[in-house]
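The values are calculated or read from the model by the stated rules, or taken from the named source; none is laboratory data. Because the structure is a prediction, the values reported are computed rather than measured. When we count neighbours, we look across all protein chains shown, and the Cβ atoms used for this are built from the backbone with ideal geometry, even at glycine. Ligands, DNA and RNA are excluded from the accessible area calculation, which covers all protein heavy atoms including side chains. Shrake-Rupley method; radii C 1.70, N 1.55, O 1.52, S 1.80 Å.
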Amino acid sequence: DENGVYHYDSLFQNTKEKIESADLAIVNQEVIVGGEELRITGYPTFNAPYELADALVDAGFDIICQGTNHALDRGKAGIVNCDSYWEEKFPDIVVLGIHNDEEEKPYYIYEVGGKKIAFFNYTYGTNGIALPNDMPYAVDILDEQKVIADLKEVEEKADFTIVFPHWGTEYNLSTDSMQKKWAKIFMENGVDLVIGTHPHVIESVEMLEDEQGNKMLVYYSLGNYV
């Protein structure tokens, strides 16, 4: 506006009622919210002002998936600013995919109707930007060993496991070999539902079933919300 303040509420005005009515509303936040001190920029290395986080909360979102290929667009400072803002201003909001503290768990467990649901968010990479040397835990990456260990950790703690992977090929309407590979890994390690992001277009939905009769529903890509 004329005072230089950012406003994003209009993005959600037509869906706010729907978002707020859910027990749990989850959003993939594509770009890091590092605040104006780190310079607000668009493509190819993004950084959003804190007002975007405010608008997401006002719209009714409860879980924010920040684990995307743009998580390190402002390096370590972006992660620290973003995670700190969420923690300090909105302690009840769950942020997945990025961490400024090694002790933070890579998952969140939500209890509803006597059932426990585990949520994870991983990205295939960070556009070639290396993880900070002193913060190798900053972003939850699709690393096979780590993912399998994480999923094993919640096996006894949760009745249902959901993974939000940032994966696939941008603007590809069909699935790629990386998505197929990871869907198989998720399936083999007890995941029940996969909701994918990153390609910016809607891809197929598939119910996978293994020889033991276990089923896993996969939404390969939801496309863009905004």
* Structure fact -> By residue number, the members of the stretch 106-121 that are farther than 23 Å from H198 by Cβ, open to solvent by 60 Å² or more (accessible area, probe 1.4 Å) and either in contact with a Leu (Cβ under 9 Å, 6 or more places away or on another chain) or modelled with pLDDT of 95 or more (or both) are E111, G114, K115, K116
* **Among the residues listed as Y124, Y50, the single one being open to solvent by 50 Å² or more (accessible area, probe 1.4 Å), within 12 Å of the chain's Cα centre (by Cα) and at pLDDT 95 or above** => Y124
* **Of all residues making up the stretch 30-54, the number that are of a type in the set (S, T, N, Q) and at positive phi** => 0
* Only one residue in I26, I32 is open to solvent by 40 Å² or more (accessible area, probe 1.4 Å) and among the β-branched types (V, I, T), so which one is that? -> I26
* Structure fact -> Among strands (runs of 3 or more DSSP E) entirely within the stretch 133-219, at least 1 residues that are open to solvent by less than 20 Å² (accessible area, probe 1.4 Å) and not charged (D, E, K, R) occur in 160-166, 193-195, 215-219
* To do: Return the residue satisfying two criteria in turn: it lies in the stretch 122-132 and is in a loop (DSSP other than H, G, I, E, B) and touching a Pro at 6+ places or on another chain (Cβ under 9 Å), and of such residues it is nearest to N189 (Cα to Cα).
  => Y124
* Structure fact -> When Y6 is run through (1) over 19 Å from the mean Cα position of the chain (by Cα); (2) buried (at least 17 other Cβ atoms within 10 Å of the Cβ), the failure sits at (2)
* To do: From I32, I19, grab the single residue that is under 16 Å from the mean Cα position of the chain (by Cα) and within 21 Å of V94 (Cβ to Cβ).
  => I32
* Please enumerate the residues belonging to the stretch 64-93 that are under 24 Å from D23 (Cβ atoms), of a type in the set (A, V, I, L, M) and surrounded by fewer than 18 Cβ atoms within 10 Å (Cβ to Cβ). => I93
